[in-house]
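Below: one structure, written as structure tokens.
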Amino acid sequence: MDVLRTRREVRAALARRPRPEGLVPTLGALHDGHRSLIRRALTENATIVVWIFVNPRQFGAADLAAYPRDEAADLAMCEAEGVDIVFAPPIEEVYPEGFDTSVRVGALTERLEGASRPGHFEGVTTVVATFFGIVSPDRAYFGEKDAQQLRVVRRMVADLAMPVEIVACPTVRDADGLACSSRNVLLTPDERAAAAILYRALSAGREAWLGGERSADRLRAIVRDTLASEPLADVDYVSCADDDTLAELTTVEGPALLSLAVRFGSVRLIDNVSLD
Ligand code: AMP
């Protein structure tokens with residue numbers, strides 16, 4: 001496995017490797033969710049690149065400082081899974097002096113995570129477009145856990161006619177239903193136990209929808225009521241939105257996304273289930 005730090009090195013290494021090339025973009029602190037993306041990519045491509053880069057442009061300052069990092073463990077997981085190249089550049093290699101371009105997707109980025117984290121998606125699309133330019137993947141793998149990110153990246157790729165296929169991978173969960181996330185290690189033991197409420201709340205909403213409930217207000221209320229039973233859960237938003245546009249719904253008539261963002265102490269977690 002090559003562990004590479006510069007644009008030039010990674011391009012030279014890729015020129016020697018067979019295609020198709022699959023890219024798994026990550027912020028590091030790898031877990032079973034990332035592992036599932038890597039495994040899917042391995043089945044579909046001749047060369048696998050995992051990018052590990054904590055992108056300052058998509059974080060607020062406090063969040064960036066707190067973000068967990070463990071490069072040695074990340075490299076060990078990649079090696080064990082059979083990854084060909086890990087690209088883990090320093091900041092100045094991604095954003096060299098004079099870097100002055102930004103990629104911004106429109107309305108889709110103004111809702112949900114975009115409303116709670118101004119500038120977040122512009123940071124995401126700018127770094128994803130930059131990495132696509134550096135490594136020219138045939139396919140790139142993204143998790144449904146970050147449902148809005150997946151839609152934003154798809155929008156960018158379609159609008160800018162980028163020659164890459166975006167592959168969506170299902171959310172991997174711990175035994176109690178909590179979605180695997182790098183941030184879970186920041187939870188105290190009490191918060192970690194309490195965080196199981198997220199999937200229970202989403203599942204309660206989904207059960208109601210399966211039972212025929214079509215009022216989006218009612219579905220949001222069912223999720224909120226379940227969350228209210230957990231004193232450590234501090235709700236940022238609960239959404240029942242159109243699956244495509246992520247606009248909030250009144251009535252669920254077609255595919256929809258039930259999603260939430262909730263804080264436990266200083267740790268903000270997101271999750272979603274599909275109503276489809
Ligand atoms: P991150 O390092 O958190 O930016 O995640 C990198 C990629 O892994 C993103 O496409 C995420 O959506 C995906 N991912 C994160 N957590 C999970 C999970 N629990 N299941 C599936 N994919 C995930």
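The values are calculated or read from the model by the stated rules, or taken from the named source; none is laboratory data. Keep in mind that what you see is a predicted model, and the values were worked out from it rather than measured. Because the Cβ atoms are built from the backbone with ideal geometry, glycine has one as well, and the counts that use them run over all protein chains shown. Side chains included, ligands, DNA and RNA excluded: accessible areas come from the protein's heavy atoms. Shrake-Rupley method; radii C 1.70, N 1.55, O 1.52, S 1.80 Å.
A few points about this structure:
- Where the Cα pairs of the range 189-276 fall when distances are cut into 5 Å bins, in %: 3, 16, 29, 23, 15, 9, 4, 1
- Computed with a 1.4 Å probe over protein heavy atoms only, the accessible surface of the range 46-111 comes to 48 Å² per residue.
- For the range 80-164, chymotrypsin sites (Phe, Trp or Tyr not before Pro) meeting the loop criterion (DSSP other than H, G, I, E, B) and having at most 12 other Cβ atoms within 10 Å: 99.
- Computed log₁₀ I(q)/I(0) - Debye formula, equal Cα scatterers, no solvent, the range 80-144, q 0.28 Å⁻¹: -1.28
- Sites matching GluC sites (Glu not before Pro) across the range 1-104 that sit in DSSP coil, with at most 10 neighbouring C-beta atoms within 10 Å: 97
- Alpha-carbon Debye profile of the range 106-248, log10 I(q)/I(0) at 0.12, 0.21 Å⁻¹: -0.60, -1.39
- The range 162-220: trypsin sites (Lys or Arg not before Pro) in DSSP loop, at most 16 other beta carbons within 10 Å: 214
- Just so you know, the averaged projected area of the alpha carbon convex hull for the range 1-94 sits at 6.0 nm².
- Förster radius 41 Å - calculated FRET efficiency between residue 19 and residue 228 (Cβ-Cβ, nearest 0.05): 0.20
- With every protein chain in place, the chain: carbon and sulfur % of accessible area (1.4 Å): 49
- Mean projection of the Cα convex hull over all viewing directions, computed for the chain: 14.4 nm².
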